[in-house]
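**Q** Here's a structure for you.
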Amino acid sequence: MNSKDISNAIKARLLTVAGAPSIAWPNVEFNSSVVPRWEATLVRQRTDPSLKGGGAIEREEGSLQVVLCVEHGLGEDAVLDYLDAVRTTFPKGQTFAVAGGTITVLTEPAETAQGFPDTKTYRSPIALQYVANAT
C-alpha cells in the first residue's frame, strides 16, 4: 500500500457519490466556471514512517476535504442534497479496499463548515477523516 494507491481508492469512491458533479483535483487543469462542481483535496496528516520497502507504508491517516460549489442565489438546499449524498457514501466505519490494505472512514457525521458565497458560487466545505492500514 502506498499514498498513490490510497489517493486513487478515495478518488474512485468519491466518484460513486450519487449525483456527483464534475470534481476538481489539485494540480489538474479544470474549468473553474463549471457549476455545480466539487473541489476536492486529500490531506495526509500522518503516515507511518516505517516503510515496508518499495514505497509501501503500514498506515496513513488523513482527510478528504471537499468544497461543494453551487450556483449563487439558489439557496442552501442545493448544497444540502450534495452533503447528504457524500455522507451516505462515506458513513462512519465504512471500509473499502486499497491495494495492499483497507481504508476506514472515521468521521460521523462528516464535518461540515458554514457555507459562504463568493462572487459566482455558494460554497460549503465538508471533511471526512480516514485511516488506511496495510494488511
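**Q** Could you work out the relative contact order of the chain, using alpha carbon pairs under 8 angstrom and six or more residues apart, expressed as a whole percent?
**A** In percent, rounded to a whole number, it is 27.
**Q** Further question: At a Förster distance of 41 Å, what's the computed FRET efficiency of Glu71 paired with Thr135, Cβ-Cβ distance as r, to 0.05?
**A** For Glu71 and Thr135, the calculated efficiency is 0.40.
**Q** Kindly express, to the nearest 10 degrees and within the range 0 to 90, the angle between helix 3-14's C-alpha long axis and the longest C-alpha principal axis of the chain.
**A** 40
**Q** Given R₀ = 35 Å, what would the calculated FRET efficiency be for Lys4 paired with Phe116, taking r from the Cβ atoms and rounding to 0.05?
**A** That pair, Lys4 with Phe116, gives E of 0.60.
**Q** Next up: Using alpha carbons only, how many degrees (0 to 90, rounded to 10) separate the axis of helix 77-89 from the longest principal axis of the chain?
**A** Helix 77-89 sits roughly 20 degrees off the main axis of the chain.
**Q** Further, regarding this structure: What does the net charge come to around Asn31 if you take all other residues with beta carbon closer than 14 Å to its beta carbon, with K and R at +1 and D and E at -1?
**A** Taking every other residue near Asn31 into account, the sum is 0.
**Q** Averaging over every viewing direction, what projected area does the convex hull of the Cα atoms of region 3-134 cover, in nm²?
**A** It is 8.1 nm².
**Q** Quick check on the chain: helices-only [θ] at 222 nm, where DSSP H runs of length 4 and up contribute -39,500 (n - 2.57) each and the sum goes over total residues. Nearest 500, please.
**A** Here the helix-only value at 222 nm equals -6000 deg cm²/dmol.
**Q** Length gain on complete extension for the stretch Ala97 to Ser33, per 0.36 nm per residue less the alpha carbon to alpha carbon distance?
**A** Result: 19.7 nm gained on full extension.
Rule-based calculations on the coordinates, nothing more; no lab input. Keep in mind it's a predicted model, so treat the numbers as computed, not measured. For neighbour counting, all protein chains shown are included, and Cβ atoms are generated from backbone atoms with ideal geometry for every residue, glycine included.
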